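Read through the structure below, which is laid out as structure tokens, and then see the notes.
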Amino acid sequence: MPITTLNKFLQIKGSIFAATTLQELQEVWSNQEWDMEHPNDLKLIQRELEGFYNDKKQKLENIKKYEVTIPRWLANEKEIPSTFIGEVVRETQKAYLMRGTGDIVQTGHCMICNRELTNPVSLKYGIGIQCGQHWGVDPEGESHEEILRGLKEIANFETWIPKSQIKHKEVK
Ligand SMILES: [Zn+2]
């Protein structure tokens with residue numbers, strides 16, 4: 001394999017392995033420029049890379065979602081909700097790198113402050129009116145789509161969370 005082909009191969013392989021979401025993986029895959037100077041090598045590396053791609057795709061599709069609760073002080077510090085649905089992107093002995101998915105959390109408590117919810121609209125979206133407004137979501141005044149978009153934005157984070165600080169974690 002000429003060095004240019006090998007470089008190309010390693011570069012794409014690296015990007016496939018580094019992808020952390022299906023969307024990222026899709027982008028890596030569809031943004032490839034396959035025109036190379038050695039068309040015969042191309043077939044060879046395409047077949048090989050396709051294997052990596054399919055493995056990774058399967059892995060990413062099987063990522064579990066968790067409902068996680070962390071103490072409020074930590075949530076405040078990180079500017080994230082104290083209860084959220086998230087995926088584990090990476091794990092070390094002491095912490096998870098988690099990504100919020102923006103799914104609605106239905107625990108009967110406010111996702112931000114953990115207070116019990118009674119208002120039916122708040123219960124539906126898992127967020128109190130006051131906390132919602134503070135975070136730019138108005139469960140009483142906005143359309144369903146706007147609220148969903150707002151909740152996605154609130155949960156649009158990726159952060160390390162010490163395992164010792166996780167009060168509750170359950171597969172969703
Ligand atoms: Zn609240």
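What to note about this one:
- For segment 46-136, trypsin sites (Lys or Arg not before Pro) meeting the loop criterion (DSSP other than H, G, I, E, B) and having at most 14 other Cβ atoms within 10 Å: 64, 94, 115.
- Of the DSSP H helices in the chain, those whose Cα atoms cover at least 20 Å axially and whose Kyte score averages 0.0 or more: 3-18
- In sequence order, calculated HN-Hα J values of segment 113-125 (Karplus, 6.51, -1.76, 1.60; Hz; x Gly/Pro): 10, 6, 5, 5, 9, 10, 4, x, 5, 4, 4, 4, 9
- Take the Cα of residue 38, step 7 Å toward its Cβ, do the same at residue 149, and the gap between the two points is 5.0 nm.
- Residue with peak Gaussian network fluctuation, the chain [Cα springs, cutoff 10 Å], from 85, 12, 129: 12
- The chain, helix-only ellipticity at 222 nm - DSSP H runs n ≥ 4, -39,500 (n - 2.57), divided by all residues, nearest 500: -14000 deg cm²/dmol
- Whole-Å distance, taken between Cα centres, linking segment 83-127 and segment 17-61: 34 Å
- Residue-span extension gain [residue 7 to residue 118] - 0.36 nm each, minus C-alpha spacing: 34.0 nm
- Taken along the Cα-to-beta-carbon direction at a fixed 7 Å, the label points for residue 22 and residue 156 span 2.0 nm.
- Within the chain, percent of DSSP bridges classed antiparallel, to nearest 5: 100 percent
- Placed amide H near residue 98: partners under 5 Å, 5+ positions off or other chain: 89, 159, 160, 161
Just so you know, all these numbers are worked out from the coordinates, no wet-lab data involved. In this text, all values refer to a predicted model and were calculated from it rather than measured experimentally. Reconstructed Cβ throughout: ideal geometry from the backbone, glycine too, with neighbour counts over all protein chains shown.
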